[in-house]
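Right, one structure below, let's go through it.
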Amino acid sequence: IDSRDGALEEASFAAATERLAALPADAVTSRLGGARGTGTAVVIVAHDYKVELPVLRVALRSGAPYVGMLGSRTRSGAVRALLAEDGLSDAELARLRAPIGLRIGAQGPAEIAVSIVAELIAAWHGALPSEPAR
């Protein structure tokens with residue numbers, strides 16, 4: 001999902017099954033509406049508050065079984081503080097998996113991706129550890 005049409009045409013997305021030119025929060029809202037959202041995982045890798053915060057507001061209030069965000073502990077804490085200021089409850093904020101991924105000592109993009117997928121599998125099987133990755 002990207003609001004910039006040209007960004008979706010890049011060769012790096014050639015294997016994508018779907019590319020959606022839209023504001024990310026709007027796309028997530030339409031995907032998570034009603035019972036449909038109860039099986040949809042949300043993984044945010046934007047590195048930009050103006051994209052992350054609107055998506056997180058929607059996702060954390062939805063029935064999505066997993067909501068995760070890439071970023072450091074410091075950045076994750078800052079995002080949680082901003083969301084709390086926006087009125088999200090402690091229970092809603094506790095649903096945010098950030099930093100994203102299971103603690104497997106991942107280094108580099110490929111291993112980080114494996115840790116994220118492992119955390120998604122744990123979420124789908126009801127086996128998420130109580131603490132997110134560090």
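The values are calculated or read from the model by the stated rules, or taken from the named source; none is laboratory data. Treat the numbers as computed from the prediction; the structure is a model and nothing was measured. Cβ placement follows ideal geometry from the backbone for every residue including glycine, while neighbour counts extend to all protein chains displayed. Protein only, heavy atoms only, side chains kept; ligands, DNA and RNA dropped before computing areas. Shrake-Rupley method; radii C 1.70, N 1.55, O 1.52, S 1.80 Å.
Things to note:
- Cβ-Cβ contacts under 6 Å between residues 6 or more apart (or on different chains), taken from a first residue in the range 43-57 that is aliphatic (A, V, I, L, M) to a second residue that is not in a helix (DSSP H, G or I), are listed as 43/68; 44/69; 45/70; 55/44.
- Among residues of the range 113-124 that are free of Cβ contacts under 8 Å to residues at least 24 places away in the same chain, those with a beta-carbon under 9 Å from a residue that is of a type in the set (Phe, Trp, Tyr) and open to solvent by less than 20 Å² (accessible area, probe 1.4 Å) at least six positions away or on a different chain give the pairs 122/66.
- For the range 80-130, the candidate set comprises residues that are in a loop (DSSP other than H, G, I, E, B) and of a type in the set (Ser, Thr, Tyr); within that set, the residue that is least open to solvent (accessible area, probe 1.4 Å) is 89.
- Test: residue in the range 44-51 that is open to solvent by less than 40 Å² (accessible area, probe 1.4 Å) and assigned to a helix (DSSP H, G or I): no
- Verdict on residue 63 being modelled with pLDDT of 90 or more and either polar (S, T, N, Q) or open to solvent by less than 70 Å² (accessible area, probe 1.4 Å) (or both): no
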